[in-house]
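Worksheet: the structure to be examined is printed underneath.
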2 protein chains.
Amino acid sequence: MSLLAVGSVALDSVETPFGRREEVLGGSGTYFSTSASFFGPVRLVAVVGEDFPEEHVAFLRARGVDLSGLSRVPGRTFRWTGRYEFDLNQAHTLDTQLNVFADFRPELPEPFRDSSHVFLGNIDPDLQRRVLDQVRTPRFVAADTMNFWIGAKRASLLEMLKRVDLLFVNDAEVRQLAGEHNVVRAAQAVLGFGPAAVVVKRGEYGALFFSGEEVFAASAYPLPELFDPTGAGDSFAGGFMGYLARAGSLDPAVMRRAIVVGGVLASYAVERFSLERLRSLTTDEIRSRYGEFRRLTHFEDLEVDILGGDGTRD
Amino acid sequence: MSLLAVGSVALDSVETPFGRREEVLGGSGTYFSTSASFFGPVRLVAVVGEDFPEEHVAFLRARGVDLSGLSRVPGRTFRWTGRYEFDLNQAHTLDTQLNVFADFRPELPEPFRDSSHVFLGNIDPDLQRRVLDQVRTPRFVAADTMNFWIGAKRASLLEMLKRVDLLFVNDAEVRQLAGEHNVVRAAQAVLGFGPAAVVVKRGEYGALFFSGEEVFAASAYPLPELFDPTGAGDSFAGGFMGYLARAGSLDPAVMRRAIVVGGVLASYAVERFSLERLRSLTTDEIRSRYGEFRRLTHFEDLEVDILGGDGTRD
């Protein structure tokens, strides 16, 4: 199995009630491939400018990310500036400078074209399709998107959806995409657009997975310390896809584990700013928190005689 | 075991995007005791006016609710009028007429004073304490409250909390009560006020249970049809306490099952207006949805060799 990701590599400036960071490593491709790298190598297609610090390149390479698809072109790297209030579920974008990302035309190195698993990060659906055109026979394709593309590029997005196996969206996006407020019905409607599965990300509340008749509700890990939600969704997708590529199966039980692994990576990512927590993360910690997720959510069958209202409780 | 509940019995007028109902049966005591009645008899202490329809009394009696603590006094029954938008998590109160509820001074009939399990519905904390003064040696006391009492009667509420085993609150309330935005830290702070356990209700996202080091995250059931969230919290508490009183244990595994049972009752309650769905609910349906909650949330252990990044995924 081989995992390909396309997305942004950015320099983020982030302010939360707990502090601020200037021009730190960010971007969907970065969070995704770092999170996925705990399960095996990742092939990244992205673009940076001349100003992109070499230390970040070295970090990704050391994580086992194949950077032969990372273009360094004249100009400045994509920059995002955002702020979070105490309600960390909601990012407030203060400034977006696309810079070299504005002209990003993903080109896959020849060895990337045989990738079995593909993650299309949140970019223009035209570009997502362009990436798919270059992959020969992908076994599993997942895509992310956002409100902007749902509004501005709906036709292209719907074409893209016909070619993906799974879509990652948040509550608001699945409602917007389906034109339906109820999340269950909205997800079912999106399944009708093409993907065999939809993951609805709900921030601190976890995620819902829909595929055919299958529904899986994954709780988020209740964190007493949550510093910076930037990259949570891409870390989730990275853990999910990294695990899935490594597991080499699409069985329902494997998909469930993949979602929990995604939650594990997202829960660690938000504990510190930028990639700080993921840099020090160990496989033992991933395994440990996965176990905590099980203890957090599991419960036993109901007793046989507990119901019936025979009125003889005393 | 014997279960006592104090709360409101009301006539609700409710409007949601899916329809409206005028002066239908409502109130925290009503939803609670109906939900709890699936597990055994319930003793209800409440007040209604002369205008309260006899058919509602007959319904509660038929459900096994002991109404010897239901006072019928001169005046009109408590009325609440509310509206929900598409975001059904948020009730908009249009009108509250306390009527006879304004002078409610709960008096327990002598046979109620030996109750082992007590639920203090969302009423003035002075009255919640007055109820507790009348119960001789309760084994397990749970209380509900709301933003109004947290603001207006904080000192009395804190006194009450010293005497309860479990507090039901929603996200916003636990934050307000603790003066802390992070829900995990807020719940831990509330545990410091007295209760051995806190259940944080999160509407369509489920509930979090905190007790000592124990944390349990229960998902809500993703409903494609959700008509009227009125009474969801009290139905949750009713299922929880009814099950707990019947189970006769406070083991952690029993508490987890109680929370899921609460979620089952709440999920049915919101499927129709007022008590409509609970009226037709069967024990088989409760058992069936409990099983669906398990299928919805359970997942297997991680494979032993899935992590390690040995780079040999292909």
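The values are calculated or read from the model by the stated rules, or taken from the named source; none is laboratory data. On a predicted model such as this, the values are computed, not experimentally measured, just so you know. Don't worry about glycine lacking a Cβ; one is built from the backbone with ideal geometry, like all the others, and counts go over all protein chains shown. What goes into the accessible areas is simple: the full protein's heavy atoms, side chains included, and nothing from ligands, DNA or RNA. Shrake-Rupley method; radii C 1.70, N 1.55, O 1.52, S 1.80 Å.
Using just the Cα positions, wrap the stretch A:1-100 in a convex hull and report its mean projected area in square nanometres, one decimal place. Intermediate values should be presented prior to the final figure.
Working: hull surface 27.0 nm².
About 6.8 nm², averaged over all directions.
How many nm is it between the label spots at B:Thr137 and A:Glu225, if each spot is 7 Å from the Cα in line with the beta carbon?
Reported label-point gap for B:Thr137 and A:Glu225 is 4.6 nm.
I'd like the trypsin sites (Lys or Arg not before Pro) in the stretch A:255-305 restricted to DSSP loop residues with at most 13 other Cβ atoms within 10 Å, sorted by number. Mind showing how you got there, number by number?
Details: sites: A:Arg256, A:Arg257, A:Arg272, A:Arg277, A:Arg279, A:Arg287, A:Arg289, A:Arg294, A:Arg295; in loops: A:Arg272.
Listed in order of number, the matching sites amount to none.
Going from most exposed to least, what order do B:Glu55, A:Glu285 have by accessible area with a 1.4 Å probe? Could the numbers behind the result be given before it?
Details: B:Glu55 130, A:Glu285 55 Å².
Ranked from most to least accessible, the order is B:Glu55, A:Glu285.
Once the dipole of chain B is set up with Lys and Arg at +1 and Asp and Glu at -1 on Cβ about the Cα centre, which of B:Asn122, B:Leu302, B:Thr137 lies farthest towards its positive end?
It is B:Thr137, whose Cα lies furthest towards the positive end.
Towards the positive end of the charge dipole of the protein assembly as shown, with charges on Cβ (+1 Lys, Arg; -1 Asp, Glu), say which of A:Leu226, A:Ser2, B:Leu265 has the farthest Cα.
A:Ser2
When the expected Rg is taken as 2.2 N^0.38 Å, what fraction or multiple of it is the alpha-carbon Rg of the stretch B:1-59? Walk me through the numbers before you get to the answer.
Details: Rg = 12.8 Å, N = 59, 2.2 N^0.38 = 10.4 Å.
Taking N as the residue count of the stretch B:1-59, the ratio is 1.23.
Per residue of A:35-45, how many C-beta atoms from partner chains lie within 10 Å of its own C-beta, taken as a mean? Working shown, then result.
Numbers: counts 0, 0, 2, 4, 5, 9, 5, 1, 0, 0, 0.
Mean shielding by partner chains, rounded to a whole number: 2.
Kindly provide the Kirkwood hydrodynamic radius of chain B in Å, to one decimal, from all pairs of distinct alpha carbon atoms.
Numbers: mean 1/r = 0.0502 Å⁻¹.
Computed over Cα pairs of chain B, the Kirkwood hydrodynamic radius comes out at 19.9 Å.
Once you have a ≥ b ≥ c as the square roots of the Cα gyration tensor eigenvalues for the stretch A:111-264, tell me rounded if a/c is under 1.5, and otherwise prolate or oblate according to whether a/b is larger than b/c.
Cα axes put the stretch A:111-264 in the rounded bin.
If you put a point 7 Å past Cα along the Cβ direction, how far is that point for B:Ala152 from the same point in each other copy, in nm, smallest first?
4.9
At a Förster distance of 45 Å, what's the computed FRET efficiency of A:Arg105 paired with B:Glu180, Cβ-Cβ distance as r, to 0.05?
Calculated transfer efficiency: 0.40.
Take the alpha carbon atoms of the stretch B:181-267, find their radius of gyration, then divide it by 2.2 N^0.38 Å using N residues; give the quotient. Don't jump to the answer; show the numbers that get you there.
Details: Rg = 13.1 Å, N = 87, 2.2 N^0.38 = 12.0 Å.
That works out to 1.09 for the stretch B:181-267.
How much of the DSSP beta bridge set in the stretch B:13-82 is antiparallel, as a percent to the nearest 5? Could you put the intermediate results ahead of the total?
Details: 3 of 12 bridges.
DSSP beta bridges in the stretch B:13-82 are roughly 25 percent antiparallel.
Mind checking the mean number of beta-carbon atoms from other chains within 10 Å of the Cβ atoms in A:279-287? Present the calculation step by step, with values, prior to reporting the outcome.
Working: counts 0, 0, 0, 1, 4, 1, 0, 3, 6.
Mean shielding by partner chains, rounded to a whole number: 2.
To the nearest 20 debye, what is the magnitude of the charge dipole of the stretch A:142-209 about its Cα centre, counting +1 on the Cβ of each Lys and Arg and -1 on the Cβ of each Asp and Glu? Can you show the working numbers first?
Working: 8 positive and 7 negative charges, 31 e Å.
About 140 debye.
Quick one: compute the contact order of the stretch B:36-96, relative version, from alpha carbon pairs under 8 angstrom and 6+ residues apart, as a percent.
On the way: 87 pairs, mean separation 20.6, N = 61.
Relative contact order of the stretch B:36-96: 34 percent.
How large is the accessible surface of A:Val304 in square angstrom, using a 1.4 angstrom probe and rounding to the nearest 10?
Result for A:Val304: roughly 130 Å² accessible.
Taking the stretch A:199-233, which GluC sites (Glu not before Pro) meet the DSSP loop condition and have no more than 16 other C-beta atoms within 10 Å? Could the numbers behind the result be given before it?
Values: sites: A:Glu204, A:Glu213, A:Glu214, A:Glu225; in loops: A:Glu213, A:Glu225.
Hits after loop and neighbour filter: A:Glu213, A:Glu225.
Pull out a ≥ b ≥ c, the square roots of the eigenvalues of the alpha-carbon gyration tensor of the stretch A:53-100, then state rounded if a/c is under 1.5, prolate if not and a/b is larger than b/c, and oblate in the remaining case. Don't skip to the end; give the middle numbers.
Details: a/c = 3.33, a/b = 1.67, b/c = 2.00.
Oblate, because a/c is 1.5 or more while a/b does not exceed b/c.
Distances from A:Asp51 to the same residue in each other copy, label points 7 Å out along Cα→Cβ, in nm, shortest first?
Between copies, matching label points for A:Asp51 lie 7.0 nm apart.
Leaving ligands, DNA and RNA out of it, rank B:His298, A:His56 by accessible area with a 1.4 Å probe, largest first.
Details: B:His298 35, A:His56 15 Å².
Correct descending sequence by accessible area is B:His298, A:His56.
Can you give me the three principal axis dimensions of the stretch A:212-314 from its C-alpha atoms, in Å, biggest first?
Projected onto its principal axes, the Cα set of the stretch A:212-314 covers 59, 34, 24 Å.
Hand me the GluC sites (Glu not before Pro) from the stretch A:59-160 located in a DSSP loop with no more than 10 other Cβ atoms within 10 Å, in residue order please. Each step should come with its number before you reach the end.
Details: sites: A:Glu85, A:Glu107, A:Glu159; in loops: A:Glu85, A:Glu107.
Of the GluC sites (Glu not before Pro), not one in the loops of the stretch A:59-160 has a Cβ with at most 10 other Cβ atoms within 10 Å.
Of B:Asp251, B:Asp228, A:Asp124, A:Asp284, which has the most accessible area with a 1.4 Å probe, and how do the rest follow in descending order? Could the numbers behind the result be given before it?
Values: B:Asp251 90, B:Asp228 0, A:Asp124 30, A:Asp284 115 Å².
Of B:Asp251, B:Asp228, A:Asp124, A:Asp284, the descending order of accessible area is A:Asp284, B:Asp251, A:Asp124, B:Asp228.
Per-residue Cβ counts within 10 Å, from other chains only, averaged over B:291-304: what number is that?
Numbers: counts 2, 1, 3, 5, 3, 7, 10, 7, 17, 6, 5, 12, 5, 1.
Mean partner-chain Cβ count within 10 Å for B:291-304: 6.
Return the percentage of antiparallel bridges among DSSP beta bridges fully within the stretch A:137-215, rounded to the nearest 5 %. Show your work: numbers first, answer last.
Values: 6 of 14 bridges.
Approximately 45 percent, going by the DSSP bridge assignments.
Find the percent of Cα-Cα distances in the protein assembly as shown that exceed 42 Å, and round it to a whole number.
Working: 57664 of 196878 pairs.
Pairs farther apart than 42 Å: 29 percent.
Which lysines have a Cα lying under 29 Å from the Cα of B:Lys201, excluding residues fewer than 8 positions away in the same chain?
A:Lys201, B:Lys153, B:Lys162
What shape does the stretch A:87-190 take by its C-alpha gyration tensor, where a ≥ b ≥ c are the square roots of the eigenvalues and a/c under 1.5 counts as rounded, a/b above b/c as prolate, and the rest as oblate?
On the way: a/c = 2.10, a/b = 1.29, b/c = 1.63.
Oblate is the answer for the stretch A:87-190, as a/c is 1.5 or above yet b/c matches or exceeds a/b.
Using a label point 7 angstrom from Cα along Cα-to-C-beta, what distances in nm, from shortest up, separate B:Phe18 from the other copies?
3.8
Give the chain B residue with the shortest beta-carbon distance to the rotation axis relating chain B to chain A, plus that distance as a whole number of Å.
For chain B, the closest residue to the axis carrying it onto A is B:Tyr205, 2.
To the nearest 10 square angstrom, how much accessible area does A:Thr81 have with a 1.4 angstrom probe?
Near enough 40 Å² of accessible area.
Give me the Å³ per residue figure for the convex hull around the C-alpha atoms of the stretch A:69-143. If you can, show how the numbers build up before the last one.
Values: hull volume 8.4 nm³, N = 75.
For the stretch A:69-143, the hull spanned by Cα atoms encloses 112 Å³ per residue.
Can you give me the Kirkwood hydrodynamic radius for the stretch A:119-167, using every pair of distinct Cα atoms, in Å to one decimal? Display every interim value, and only then the final one.
On the way: mean 1/r = 0.0940 Å⁻¹.
Kirkwood radius, the stretch A:119-167: 10.6 Å.
Quick one: work out the % antiparallel among DSSP beta bridges in the protein assembly as shown, nearest 5.
Working: 42 of 106 bridges.
Given both bridge residues lie in the protein assembly as shown, the antiparallel proportion sits at roughly 40 percent.
With charges set only on the Cβ (+1 for Lys and Arg, -1 for Asp and Glu), what does the dipole of the stretch A:57-122 come to about its Cα centre, in debye to the nearest 20? It would help to have the intermediate numbers written out before the result.
Details: 8 positive and 8 negative charges, 49 e Å.
With Lys and Arg at +1 and Asp and Glu at -1, about 240 debye.
Hey, got the dipole for the stretch B:243-299? About the Cα centre, +1 on K and R Cβ, -1 on D and E Cβ, debye to the nearest 20? Walk me through the numbers on the way to the answer.
Values: 10 positive and 6 negative charges, 14 e Å.
So the dipole magnitude of the stretch B:243-299 works out to roughly 60 debye.
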